[in-house]
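S.K.: Take this structure first; my questions come after.
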Amino acid sequence: MGIETNGTAEGIAEVVIDVPPVNALTAADWFVLADALRDAGRDPSARVVVLRAEGRGFCAGVDIKEIQARGDEALVGANRGCEAAFAAVYDCEVPVLVAVHGFCLGGGVGLVGNADVVIASDDAVFGLPEVDRGALGAATHLARLVPQHRMRAMVYTASNATASELHAYGSVLKVVDRASLVEEARCIARDIAAKSPTILRRAKESLNGIDPVDPRRSYRFEQGFTYELHVRGVADEQRQAFLDKREADTSR
């Protein structure tokens, strides 16, 4: 368990998140994931990377328990780790296909929003609970999945969007039943992997080059506000309330 990389077969490399109970990643986990994605893309035999997960859901974001236990050090580590992992998806030398099941929250949205192709199971939900956790971030990536006003409403209310809703927007390519998700991901990956490896790598580079917004710079801007909330003490109350399973004090 942890972050696993399956050997490349048919030009397809698989990176699997398996961190029970909910795939909430520590700062160290985010850096391991970043390394795994970069290494998979650099493998000359790889033509596409499939990123998926085991367990109850795709990813619950950062490990809030670690931040509460270790304070500033853990928060800075999580911020930098998330930035590294998101960039590793975006900058991967080959297309990245993400297969999402169950919940995809916080940092999970950051991974998915930077991917090239997204498929999801019919039980998948996507959301940023950050406002309820005393943080900000990954709106940059949510804006790549839903329209602008929907993104704003989701951030302010910490509400979720379904896989079917994202499919209607065109950001999720296909919605399948959960039992079929992995095989469907591999099927689409095989279609991509059948193309010229040289052309695929240049296509990925060219598509990144025409993006209207630099997601790396935009996300780092968001992260600055997370740290501001932390040093003011507002974030600590929100995170602790989540861990204590109680209502947070929202008076400030």
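The values are calculated or read from the model by the stated rules, or taken from the named source; none is laboratory data. No experiment lies behind these values; they were computed from the predicted model shown. Every residue, glycine among them, receives a Cβ derived from its backbone with ideal geometry; neighbour counts consider all protein chains shown.
S.K.: Among the residues of the stretch 177-184, is any in a helix (DSSP H, G or I) and of a type in the set (S, T, N, Q)?
M.R.: So far as the stretch 177-184 goes, yes, one or more of its residues are in a helix (DSSP H, G or I) and of a type in the set (S, T, N, Q).
S.K.: Can you go through Ala163, Ala158 and tell me which one is within 24 Å of Leu243 (Cβ to Cβ), at pLDDT 95 or above and aliphatic (A, V, I, L, M)?
M.R.: After applying the criteria, what remains is Ala158.
S.K.: Let me ask something else. Which of (1) loosely packed, with under 15 Cβ neighbours inside 10 Å; (2) in contact with a Ser or Thr (Cβ under 6 Å, 6 or more places away or on another chain); (3) more than 22 Å from Arg52 (Cβ to Cβ) does Arg178 not meet, given it meets every other one?
M.R.: (3)
S.K.: Something else now. Within the bounds of the stretch 144-156, is there any residue that is touching a residue at least 40 places away in the same chain (Cβ under 8 Å) and under 17 Å from the mean Cα position of the chain (by Cα)?
M.R.: Yes: the stretch 144-156 contains one or more residues that are touching a residue at least 40 places away in the same chain (Cβ under 8 Å) and under 17 Å from the mean Cα position of the chain (by Cα).
S.K.: Further question: Could you list all residues from the stretch 53-104 that are under 16 Å from the mean Cα position of the chain (by Cα), at pLDDT 95 or above, among the charged types (D, E, K, R) and under 23 Å from Arg38 (Cα atoms)?
M.R.: Glu54, Arg80, Glu83, Asp91
S.K.: Could you grab me the full set of residues in the stretch 37-60 that are touching a Ser or Thr at 6+ places or on another chain (Cβ under 8 Å) and touching a residue at least 40 places away in the same chain (Cβ under 8 Å)?
M.R.: Once the filter is applied, which keeps residues that are touching a Ser or Thr at 6+ places or on another chain (Cβ under 8 Å) and touching a residue at least 40 places away in the same chain (Cβ under 8 Å), the stretch 37-60 yields Ala40, Ala46.
S.K.: Scan the helices (runs of 4 or more DSSP H) fully inside the stretch 101-170 and keep the ones with 2 or more residues being crowded, with 22+ Cβ neighbours inside 10 Å.
M.R.: 107-113, 130-133, 139-142, 163-169
So that you can scan it fast, the table gives a plain yes or no per residue for (1) on the phi < 0 side of the Ramachandran plot; (2) surrounded by 18 or more Cβ atoms within 10 Å (Cβ to Cβ):
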| site | (1), (2) |
| --- | --- |
| Gly2 | no, no |
| Asn6 | yes, no |
| Gly11 | no, yes |
| Thr26 | yes, yes |
| Trp30 | yes, yes |
| Gly57 | yes, yes |
| Ile67 | yes, yes |
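S.K.: Only residues that are among the polar types (S, T, N, Q) and either closer than 19 Å to Asn79 by Cβ or in a helix (DSSP H, G or I) (or both): list them for the stretch 223-252, please.
M.R.: Gln223, Thr226, Gln238, Gln240 - these are the residues of the stretch 223-252 that are among the polar types (S, T, N, Q) and either closer than 19 Å to Asn79 by Cβ or in a helix (DSSP H, G or I) (or both).
S.K.: Okay, next question. Name the residue that is surrounded by the most Cβ atoms within 10 Å (Cβ to Cβ), counting only residues in the stretch 206-217 that are free of Cβ contacts under 8 Å to residues at least 24 places away in the same chain and over 16 Å from Ala143 (Cβ atoms).
M.R.: It comes out as Ser206.
S.K.: Taking the stretch 32-45 on its own, how many of its residues are farther than 15 Å from Ala85 by Cβ and either of a type in the set (Ser, Thr, Tyr) or crowded, with 24+ Cβ neighbours inside 10 Å (or both)?
M.R.: Selection size over the stretch 32-45: 1.
S.K.: Name every residue in the stretch 61-73 that is over 28 Å from Ala99 (Cα atoms) and touching a residue at least 12 places away in the same chain (Cβ under 8 Å), in order of residue number.
M.R.: The answer is Gln68, Asp72.
S.K.: Please verify whether the stretch 245-252 includes one or more residues that are more than 25 Å from the chain's Cα centre (by Cα) and hydroxyl-bearing (Ser, Thr, Tyr).
M.R.: Yes: one or more hits.
S.K.: Here's a follow-up. Are any residues in the stretch 70-100 in contact with an Asp or Glu (Cβ under 6 Å, 6 or more places away or on another chain) and among the β-branched types (Val, Ile, Thr), and if so, which ones?
M.R.: Val96
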